[in-house]
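Here's the structure we're looking at; comments come further down.
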Amino acid sequence: MKLRLLPLSLLLLLLASLSACSYDMEIRGVQMQPYVPAPLPQLFDEAMATPRHDGVLLAGAQMLDITPYDRKAWLAGFGPGRKSRGVLDPVYAHILYLNDGRNATVLIALDIVGIMNPDVNRLRSLITAKYPHNIQVIATHNHQGPDTIGYWGPGLLIPVDRGVDQDWFDKTMQAIALSVNDAIRTAQPARLAFGDAMVDPRWSSNLWFDHDQGPKDDQLGVLRVETFDGKALATVINWACHAESLLHNNKISADFPGRFYKHCAAKGGGVGIFLANASGGMVTAYPCRWEQRKHYDLEKRIAWADQLGEYLYDTAAASVRDVPRVSGAKINLKHSSLAVPMRNPLFRVAADNGIIRTDDRGHDRKQFNTELNVLDLGPCTFAFVPGEPFPSLGKILKDAMPRSKPPFVVTLANDELAYMMTEEEWNDSHYRYERSMSCGREAGPLVTEALVALIKKGR
């Protein structure tokens, strides 16, 4: 690999941030079987080629354990150089397949910190040859899962290396595609229930402000997918909070979303699916507040995450208990592409040296080509954002969906272009860290404006 020279100031900054970490790359006791690509039947294309005119929505849901049990993994989130030391609870791929007879979509939510668009497209290619943008791949922004971007390994130290275990990642991609096929095979007539509620504001907090201050969105969007006799296939929730309540714990975990999945399954909610709403700048779990950390050791954090997971499921279930069910919901998908200027020198250096894969981005690294997607599902609209918008941008998107009850703002969707904020927030001293982890000041306004246009198109 060709190593490009770094500016001295940038190199010193990187070395300082990594100097306290351990970089033992040896994986002890693991037989690393090479990944063998296998031809997969693309049942999604077969389903799309067989239209129906019965007005029935078919739905299938699957939950796939993607935990790397047999090896240590670089953990994504917080600082780089954090190696896994066992498994606290599994990380999953959560799959929801919907087909209205003329159109179909798949939502794939992964318990990872993020996934870059080239990898999204690689996963899509295993599922479909004809309809890539019908597949939405979303990260829960979990800070306790394996690195899927590359930034959290040894990075730009010598030798240059990325944090992604490619063997595990390739096998995981193939397993997800197979599980999508399982969801299609097991799809059955379904109806939908949409609900929303306000989450008690004590559960989350904006880290840069006093606990009861600072911008955040406490709305919980809910989608329940059920059979006609009322049995739940899936419960989807959309809420704004970083999945990082366990902080620097070195055991793999799905954090509080994992506890939501557990209670969802135990209480009859089917497959639990967590979709993160706009939580940039810095909406996080209450125990992560600076003044609270000393009061929560790991055991208390785990208990807190479990309580939150149960609370989220109970609140979601109550919100849809008595609402009218929607039968025969129609699916409408809208897609557009967008070039986002890349101003961040750290991101560009990481891309130049292969730490962040940019296969589909172009060679000059001066802009990242990304994508925007909108799903109209019956009376509800989902806006898929390719990064981490601030609550201010989430509000703009929700205001553009006044007829959606509720509006879903789904972040870390189909790409990870990091923090996005308004021009005013870019100049706000509260957000120095977020500026350092952003593509640049144009990213937020560009993505939001383009998504609003897409939301309004043909609606």
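When Thr411 is tested against (1) buried (at least 19 other Cβ atoms within 10 Å of the Cβ); (2) over 19 Å from the mean Cα position of the chain (by Cα), just one condition goes unmet, and that condition is (2). In the set (1) outside any helix (DSSP H, G or I); (2) in contact (Cβ under 8 Å) with a residue 60 or more places away in the chain; (3) surrounded by fewer than 24 Cβ atoms within 10 Å (Cβ to Cβ); (4) not charged (D, E, K, R), Ile108 fails one condition alone, (3).
Taking the stretch 177-237 as the region of interest, the strands (runs of 3 or more DSSP E) fully inside it that hold 1 or more residues being among the hydrophobic types (A, V, I, L, M, F, W, C) and surrounded by fewer than 17 Cβ atoms within 10 Å (Cβ to Cβ) are 188-198. Once the stretch 322-346 is narrowed to residues that are touching a residue at least 60 places away in the same chain (Cβ under 8 Å) and among the charged types (D, E, K, R), the residue that is nearest to Phe228 (Cα to Cα) is Arg325. Scanning the stretch 243-258 for residues that are crowded, with 24+ Cβ neighbours inside 10 Å and either out of contact with any helix residue (DSSP H, G or I) (no Cβ under 8 Å at 6 or more places or on another chain) or assigned to a loop (DSSP other than H, G, I, E, B) (or both) yields Ser245, Leu246, Ile252, Ser253, Ala254. Of everything in the stretch 344-361 that is open to solvent by 20 Å² or more (accessible area, probe 1.4 Å) and in contact with a strand residue (DSSP E or B) (Cβ under 8 Å, 6 or more places away or on another chain), the residue that is modelled with the highest pLDDT is Phe347. Looking across Ser279, Ser319, Ser327, one residue alone is in contact with a strand residue (DSSP E or B) (Cβ under 8 Å, 6 or more places away or on another chain), of a type outside the set (A, V, I, L, M), closer than 20 Å to Ala418 by Cβ and at pLDDT 95 or above. It is Ser279. Within the stretch 121-135, being more than 13 Å from Ala93 (Cβ to Cβ) and either under 16 Å from the mean Cα position of the chain (by Cα) or buried (at least 24 other Cβ atoms within 10 Å of the Cβ) (or both) holds for Asn121, Arg124.
Filter the stretch 378-403 for residues that are surrounded by fewer than 19 Cβ atoms within 10 Å (Cβ to Cβ) and among the basic types (Lys, Arg); which is nearest to Val447 (Cα to Cα)? Once the filter is applied, the top-ranked residue is Lys395.
The values are calculated or read from the model by the stated rules, or taken from the named source; none is laboratory data. Note that the structure is predicted; figures quoted are calculated from it, not measured. Cβ coordinates were reconstructed from backbone atoms using ideal geometry, including for glycine residues, and neighbour counts include every protein chain displayed. Areas reflect the complete protein model, heavy atoms only, side chains present, ligands, DNA and RNA absent. Shrake-Rupley method; radii C 1.70, N 1.55, O 1.52, S 1.80 Å.
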